[in-house]
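The next block holds one structure in the form of C-alpha cells; read it before the comments.
The values are calculated or read from the model by the stated rules, or taken from the named source; none is laboratory data. Fair warning: this is a prediction, and the values are worked out from it, not measured in the lab. FYI the Cβ positions are ideal-geometry reconstructions off the backbone, even for glycines, and counts take in every protein chain you see.
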C-alpha cells in the first residue's frame with residue numbers, strides 16, 4: 001500500500017474519489033450548490049471509463065434519493081450528494097431509506113436553508129436530518145471528507161447496522177477548499193470497503209420480499225424500535241471501523257474529538273471546520289494569556305455520543321455550545337444535546353448557546369479568542385453574563401446580544 005501519495009483535492013473531489021474507489025453500483029443525483037462537484041466529478045469518471053457503475057441524473061433531489069432507495073432495495077451499493085434546499089426536498093425519502101434499512105451513503109455538503117436564498121455554509125441542513133434515522137458523521141477537512149465517506153460504506157453496510165449514513169462537511173469552507181489529501185491506493189481502498197453483501201434484495205427471486213409495507217398500530221412500533229436499536233448500536237460499529245482505519249492508515253478518529261481539554265477550565269462545543277480554527281485560537285490564547293481553554297467536537301452526530309461528550313466536559317466550569325443554524329424560536333440543537341448529556345452527571349457547568357456563522361459568515365481566530373475570554377470571565381464570576389442565548393457577529397445593536405471583537 002502506498003501511504004506517501006499526496007493529492008490536492010477539495011472536499012467534493014474527496015467525496016467523488018471515495019465513491020469511485022468504493023465501486024458504487026448506482027449514483028442517482030440532482031446536483032445543487034455546493035455539493036454539485038461531488039456528483040459532477042463522479043460523472044466525469046464514468047464518462048472517461050474509470051468506473052463501471054451507473055450515473056442517473058434525475059428530475060429532482062426527491063427523485064435522486066428515491067432512485068438510490070430503489071437501487072439499494074434491488075441489492076446494489078448506492079450513493080448520492082446534496083445540500084440545503086435539495087436536502088429539504090429529499091427529506092421525505094430519508095425516512096423511507098432508514099425505515100426500510102437500506103444502506104445509502106449521502107454526502108451532505110452543509111449549506112444554509114432559504115429564505116433568504118444563500119448558497120454558503122451553515123448547519124441548517126445537517127440539523128434537519130437529526131430525526132431521520134440515519135447515522136450522521138462529520139468531516140472537518142478534505143482529508144477527513146475522503147476518510148469519512150470511504151468509511152461510510154463500511155458503516156452503512158455492516159450487518160449489525162444496515163442503515164443509511166450521511167457524511168457531512170461544511171459548504172465552501174471544506175467542499176471548495178483544496179488541501180493535501182493522502183488517499184489509499186485503489187486496491188487497498190477497494191479491499192477496505194469490501195464486496196457488497198445483499199440482504200433482502202428485491203432481485204433475489206428465490207426469497208421474495210417487500211419493502212415499505214403498511215403496518216399501522218399492529219407492528220409500526222416494533223419496527224421503529226428495532227430500527228432505533230440498530231441506530232444506537234451503530235456507535236460500537238463506528239468505533240470498530242475507526243480503529244481498523246487507524247490500523248490501516250495511521251489516521252485516528254474518535255466519535256468525539258477534543259483539543260486542549262486536559263487542563264481546560266472553559267470550553268466550546270462545535271461542529272465542522274470551526275474545530276480546526278478553534279485549535280489555532282486555543283494555542284494562541286494559552287501562550288499569550290495563560291487561559292486554560294479547550295474545544296470538543298462530536299464527530300458522530302447520530303447516534304449522538306452522550307457518554308463520550310459528558311466525559312469530556314465533566315471538569316470545565318463554563319461551556320459555550322456553538323450552533324451554526326438559526327434556532328427557530330428555541331435554543332440551538334447542539335445546546336440541547338450537550339445539556340442532555342450533562343444533566344444526569346455530577347458536572348454543573350455554566351452553559352451558554354452561541355448562534356454564529358449563519359449563511360457562511362466567517363468565524364475567525366480573533367472571534368473565538370474573545371469567546372474564550374468571556375467564558376473565562378463567566379467562570380470566575382460563577383454566572384452567565386447576559387442572555388443564555390447570544391448571537392455572535394450579527395450587525396445591529398438591536399440584534400447583537402453578544403458583541404465580540406474581531407469578527
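Specify the residue that is surrounded by the fewest Cβ atoms within 10 Å (Cβ to Cβ); the eligible residues are those in the stretch 261-270 that are under 29 Å from residue 125 (Cβ atoms) and touching a helix residue (DSSP H, G or I) at 6+ places or on another chain (Cβ under 7 Å).
Of the residues in the stretch 261-270, the ones under 29 Å from residue 125 (Cβ atoms) are 261, 267-270.
Then keep just the ones that are touching a helix residue (DSSP H, G or I) at 6+ places or on another chain (Cβ under 7 Å); that gives 261, 268-270.
Numbers: 261: 19, 268: 26, 269: 28, 270: 27.
Going through the qualifying residues, I end up with 261.
Can you go through 222, 195 and tell me which one is in the same structural domain as residue 53 (by TED's automatic domain parsing), at pLDDT 95 or above and not in a loop (DSSP other than H, G, I, E, B)?
Working: 195 fails: not in a loop (DSSP other than H, G, I, E, B).
Going through 222, 195 in turn, the sole match is 222.
Restricting to the stretch 167-184, name every residue that is over 17 Å from residue 33 (Cα atoms), surrounded by 22 or more Cβ atoms within 10 Å (Cβ to Cβ) and touching a strand residue (DSSP E or B) at 6+ places or on another chain (Cβ under 9 Å).
If the condition is that a residue be over 17 Å from residue 33 (Cα atoms), surrounded by 22 or more Cβ atoms within 10 Å (Cβ to Cβ) and touching a strand residue (DSSP E or B) at 6+ places or on another chain (Cβ under 9 Å), then 181, 183 are the ones that fit.
Looking at the stretch 102-128, which of its residues are surrounded by fewer than 22 Cβ atoms within 10 Å (Cβ to Cβ) and in a loop (DSSP other than H, G, I, E, B)? Step through it out loud before you land on a result.
Step one: of the stretch 102-128, the residues surrounded by fewer than 22 Cβ atoms within 10 Å (Cβ to Cβ) are 113-120, 128.
Passing the criteria: 113, 114, 115, 116, 117, 118, 119, 120.
With the structure loaded, tell me whether residue 339 is outside the structural domain of residue 124 (by TED's automatic domain parsing), touching a strand residue (DSSP E or B) at 6+ places or on another chain (Cβ under 7 Å), without any contact (Cβ under 8 Å) to a residue 24 or more places away in the chain and surrounded by fewer than 22 Cβ atoms within 10 Å (Cβ to Cβ) or whether it fails that test.
Details: outside the structural domain of residue 124 (by TED's automatic domain parsing): yes; touching a strand residue (DSSP E or B) at 6+ places or on another chain (Cβ under 7 Å): yes; without any contact (Cβ under 8 Å) to a residue 24 or more places away in the chain: yes; surrounded by fewer than 22 Cβ atoms within 10 Å (Cβ to Cβ): yes.
Yes; evaluated as a whole, the condition is true for this residue.
Would you call residue 59 more than 23 Å from the chain's Cα centre (by Cα), more than 23 Å from residue 203 (Cα to Cα) and in the same structural domain as residue 120 (by TED's automatic domain parsing)? Give the steps one after another, and end with the answer.
Numbers: more than 23 Å from the chain's Cα centre (by Cα): yes; more than 23 Å from residue 203 (Cα to Cα): yes; in the same structural domain as residue 120 (by TED's automatic domain parsing): yes.
Taking the combined requirement at face value, the residue satisfies it.
Could you please let me know if residue 340 is in contact with a helix residue (DSSP H, G or I) (Cβ under 8 Å, 6 or more places away or on another chain) and under 30 Å from residue 152 (Cβ atoms)?
On the way: in contact with a helix residue (DSSP H, G or I) (Cβ under 8 Å, 6 or more places away or on another chain): yes; under 30 Å from residue 152 (Cβ atoms): yes.
Yes.
Under 20 Å from residue 265 (Cβ atoms), at pLDDT 95 or above and in contact with a helix residue (DSSP H, G or I) (Cβ under 6 Å, 6 or more places away or on another chain) - does that describe any residue in the stretch 372-381?
As a first pass, look at the stretch 372-381 and keep what is under 20 Å from residue 265 (Cβ atoms): 372-381.
Now drop any that are not at pLDDT 95 or above, which leaves 372-381.
If we keep only those that are in contact with a helix residue (DSSP H, G or I) (Cβ under 6 Å, 6 or more places away or on another chain) too, we end up with 372.
Yes, there is a match, as at least one residue in the stretch 372-381 is under 20 Å from residue 265 (Cβ atoms), at pLDDT 95 or above and in contact with a helix residue (DSSP H, G or I) (Cβ under 6 Å, 6 or more places away or on another chain).
Touching a helix residue (DSSP H, G or I) at 6+ places or on another chain (Cβ under 9 Å), surrounded by fewer than 20 Cβ atoms within 10 Å (Cβ to Cβ) and without any contact (Cβ under 8 Å) to a residue 60 or more places away in the chain - does that describe any residue in the stretch 139-160?
No, because not a single residue in the stretch 139-160 is touching a helix residue (DSSP H, G or I) at 6+ places or on another chain (Cβ under 9 Å), surrounded by fewer than 20 Cβ atoms within 10 Å (Cβ to Cβ) and without any contact (Cβ under 8 Å) to a residue 60 or more places away in the chain.
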